[in-house]
Each structure stands twice: as structure tokens, then as C-alpha cells.
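For reference, the structure discussed in these notes is given below.
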Amino acid sequence: MGDRRSMNLYWRCTMLLTILTGHVAKENRELLKERFARELHNPPQDLLQTFLIQSEDDPHCWQIISLWRNLEAYEKEHSGKIMEACVQMFCDAGSTPDRTIFHVTEHYTRV
């Protein structure tokens, strides 16, 4: 086997990261978590990863962070079922989310 550093991947990339942020009341948290699990059981092929996260500092602040293969993949799905479902999850939990989009310029993965 090669040295340990060879097991890490680092490269420049064209991926896109999207973040939906909303504030969810305590009584709606379980609804948000259930909807996330249900809606994302069959994600689009070019959705590489997605996370539902809750802020440690502000438990009302929730985000759905999604990593897309590239801008084209995101744009193809943007008006599709999965994107609308993510926005609707927050709406159903009493929040109107804000969307932020980032271009991933560098990437590191430990494997």
C-alpha cells in the first residue's frame, strides 16, 4: 500500500452547493425531519449528498445543504419535484426558507 496521504482526494471541481435556511418552531421539528427522510428516499442522480442540519447555537435554525454534481445538474432539477419538495418541507413546518448557492472551488475528501 502507498503512503497514507495517497488515500486522500483533493482536486479543483465544478460542484455546486445549495443551502436552504429556515427557522422552525420546536413543535414542527419532527415534521421537518420526517418529510426530509420521506422526500429524499429516491434523490436525483446528480444530487451527490444532502443533509438536514440543526444549529447548535440556535435550535430554531435549520438548513438543508445539498451538493450537486455541477451547475447544469442543479438547473435541471431546480424547478423539479425534489427542489420544490425541499422548499415545501420548510413551508409545511411554518417557515419560508432562504436559498443560498455556492460554487465549490476546491474539494478534499478523506477516504
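The values are calculated or read from the model by the stated rules, or taken from the named source; none is laboratory data. Computed from a predicted structure; not experimentally measured. Neighbour counts run over all protein chains shown; Cβ positions are idealised from the backbone, glycine included.
Quick notes
- Residue in segment 20-41 that is farther than 17 Å from Phe102 by Cα, among the β-branched types (Val, Ile, Thr) and touching a helix residue (DSSP H, G or I) at 6+ places or on another chain (Cβ under 7 Å) present: yes
- Matching residues, segment 33-58, being hydrophobic (A, V, I, L, M, F, W, C) and modelled with pLDDT under 90: Leu40
- Evaluated against (1) surrounded by fewer than 16 Cβ atoms within 10 Å (Cβ to Cβ); (2) over 16 Å from the mean Cα position of the chain (by Cα), Val24 falls short on exactly one condition, (1).
- If you go through segment 52-111 and keep only what is of a type in the set (Val, Ile, Thr) and loosely packed, with under 14 Cβ neighbours inside 10 Å, you end up with Ile53, Thr96, Thr100, Ile101, Thr105, Thr109, Val111.
- Failed item, numbered, when Val87 is tested on (1) at pLDDT 95 or above; (2) of a type in the set (Val, Ile, Thr); (3) within 15 Å of the chain's Cα centre (by Cα): (1)
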